[in-house]
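The values are calculated or read from the model by the stated rules, or taken from the named source; none is laboratory data. Here the structure is a predicted model, which means the values were calculated and not measured. Cβ placement follows ideal geometry from the backbone for every residue including glycine, while neighbour counts extend to all protein chains displayed.
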């Protein structure tokens with residue numbers, strides 16, 4: 001090889017080595033950067049401790065109640081649209097006697113949608129049911145079998161006659177959005193009972209979400225993990241199956257790696273509840289890959305249970321609601337603490353079509369809605385009772401307000417009435433077969449023992465072993481409560 005060839009080879013080797021060095025340096029520096037990010041979490045045990053402390057602060061672990069509780073789980077059945085109390089739950093003979101005459105003292109009363117007509121009796125007769133002889137509408141033959149276990153509150157009142165704020169008020173104790181729902185408060189107070197399932201679940205109707213949607217099950221200003229997880233038979237949880245080509249071993253290794261990253265991030269961002277909630281949600285989602293398909297496997301139930309609930313009914317809306325009732329029972333028996341179950345959705349262009357808002361055609365609307373509601377709801381109560389779940393489960397039935405005893409002028413429907421309506425409860429710690437409070441003889445206003453939403457929830461929390469005055473969260477300069485600054489326990493409802 002000539003001298004020139006040797007010199008050229010030497011220069012070539014030098015160029016190659018420089019390129020190699022620069023290439024290696026580039027990847028090496030990236031590795032150093034990644035190592036610097038990981039090192040605190042890998043080497044400092046305080047990182048994992050910080051995240052664990054944050055979880056405890058957010059109520060992820062199970063806590064103790066303020067005093068021994070009667071109930072440890074809740075199912076709240078909500079019928080949006082403002083259900084008419086005098087057509088289902090509270091018998092008013094005076095409406096039959098004075099049908100077609102003006103409401104005394106309010107002959108020209110203008111309510112939510114305008115002027116009211118004359119008094120209108122219920123289109124359906126009431127009959128006595130149970131050993132207590134409770135009068136209940138013949139529209140509800142299946143629910144009539146449970147009246148001896150139910151505590152009716154016939155003197156509920158609301159602060160609003162508008163559906164959105166009314167639903168929010170009934171669920172959160174405040175007419176404005178941004179406040180935690182009752183389920184979120186209970187999740188915050190008691191934490192999780194089953195680490196593989198959510199603490200709080202909301203089950204919307206096939207027809208859609210209720211008025212004001214997700215604000216009905218929001219965490220508000222509580223740590224973000226206390227918002228309800230939305231599940232329904234018609235709304236499968238997405239992304240539970242592993243993608244093709246990813247083995248369970250690879251997925252576990254990835255989660256372990258992410259956990260180390262999360263520990264590091266949590267240590268450097270203490271008190272960031274949204275961040276912590278997102279981490280907890282991802283971890284819960286991983287655990288739900290195994291548990292959620294099992295809890296949603298309604299096909300595993302025996303044929304007798306499906307027949308009881310009516311899950312294969314020819315009416316697709318009834319069948320869907322029945323399957324959601326069955327899903328609710330499966331969630332409760334697996335340790336979910338609070339379940340919202342909806343029967344009805346938002347208002348539509350046609351009043352009373354998608355929910356209980358019967359402004360124009362009360363008879364046709366309620367015969368459609370009660371056919372969906374009555375059988376599956378009664379089946380859920382029967383199933384809970386025969387399994388012994390009612391011993392520790394509190395069942396609530398709620399709606400946002402009631403209806404007028406008159407018909408709307410020019411219609412055969414009823415307008416909104418926030419001044420008197422019915423809600424009820426049954427189950428753990430509840431005295432069955434009682435009717436607390438009453439509206440006046442026509443059903444216009446709460447007259448005997450008026451009850452607020454705050455009184456109702458003070459009683460619910462009491463049954464759960466929680467003092468509603470002590471269950472607080474400091475926010476925006478105030479110790480906030482589900483019951484605001486109000487509320488008294490309705491001790492006449494307690495067994």
Modelled with pLDDT of 95 or more, farther than 21 Å from residue 394 by Cβ and touching a strand residue (DSSP E or B) at 6+ places or on another chain (Cβ under 6 Å): does that describe residue 135? yes
Among strands (runs of 3 or more DSSP E) entirely within segment 409-475, at least 2 residues that are within 27 Å of residue 162 (Cβ to Cβ) and more than 24 Å from the chain's Cα centre (by Cα) occur in 446-448
Qualifying residue in segment 345-354 (condition: buried (at least 24 other Cβ atoms within 10 Å of the Cβ) and either closer than 24 Å to residue 122 by Cα or touching a helix residue (DSSP H, G or I) at 6+ places or on another chain (Cβ under 6 Å) (or both)): no
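Which ones in segment 147-172 are assigned to a helix (DSSP H, G or I), crowded, with 24+ Cβ neighbours inside 10 Å and touching a residue at least 60 places away in the same chain (Cβ under 8 Å)? Talk me through it step by step, then tell me what you get.
The first filter runs over segment 147-172 and keeps only residues assigned to a helix (DSSP H, G or I), leaving 147-149, 163-172.
Now restrict to residues that are crowded, with 24+ Cβ neighbours inside 10 Å: 147, 166-168, 170-172.
Hits for segment 147-172 are 147, 166, 167, 170, 171, 172.
More than 16 Å from residue 338 (Cβ to Cβ), touching a helix residue (DSSP H, G or I) at 6+ places or on another chain (Cβ under 8 Å) and not in a loop (DSSP other than H, G, I, E, B): is that true of residue 215 in this structure?
Taking the combined requirement at face value, the residue satisfies it.
I'd like to know if segment 385-394 contains one or more residues that are assigned to a strand (DSSP E or B), at pLDDT 95 or above and under 24 Å from residue 204 (Cβ atoms).
Yes: segment 385-394 contains one or more residues that are assigned to a strand (DSSP E or B), at pLDDT 95 or above and under 24 Å from residue 204 (Cβ atoms).
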Considering only segment 249-270, I want to know if a residue exists there that is assigned to a loop (DSSP other than H, G, I, E, B) and at pLDDT 75 or above. no
Is there a residue being surrounded by 19 or more Cβ atoms within 10 Å (Cβ to Cβ), free of Cβ contacts under 8 Å to residues at least 40 places away in the same chain and either under 30 Å from residue 306 (Cα atoms) or assigned by TED's automatic domain parsing to the domain that holds residue 356 (or both) anywhere in segment 409-424? no
Looking only at segment 427-442, decide whether some residue is touching a strand residue (DSSP E or B) at 6+ places or on another chain (Cβ under 8 Å), farther than 23 Å from residue 148 by Cα and either assigned by TED's automatic domain parsing to the domain that holds residue 66 or in contact (Cβ under 8 Å) with a residue 40 or more places away in the chain (or both). yes
Hey, any hits in segment 362-374 for a residue that's in a loop (DSSP other than H, G, I, E, B) and buried (at least 24 other Cβ atoms within 10 Å of the Cβ)? no
Give the number of residues within segment 476-487 that are within 17 Å of residue 169 (Cα to Cα) and either in contact with a helix residue (DSSP H, G or I) (Cβ under 8 Å, 6 or more places away or on another chain) or assigned to a strand (DSSP E or B) (or both). 6
Hey, which of the helices (runs of 4 or more DSSP H) in segment 38-101, taking only ones fully inside, have at least 3 residues that are in the same structural domain as residue 346 (by TED's automatic domain parsing) and at pLDDT 95 or above? 85-88, 93-97
Restricting to segment 109-131, give me the number of residues that are under 19 Å from residue 151 (Cβ atoms) and loosely packed, with under 15 Cβ neighbours inside 10 Å. 2
All positions within segment 209-222 that are touching a residue at least 24 places away in the same chain (Cβ under 8 Å), touching a strand residue (DSSP E or B) at 6+ places or on another chain (Cβ under 9 Å) and more than 23 Å from residue 458 (Cβ to Cβ): 209, 210
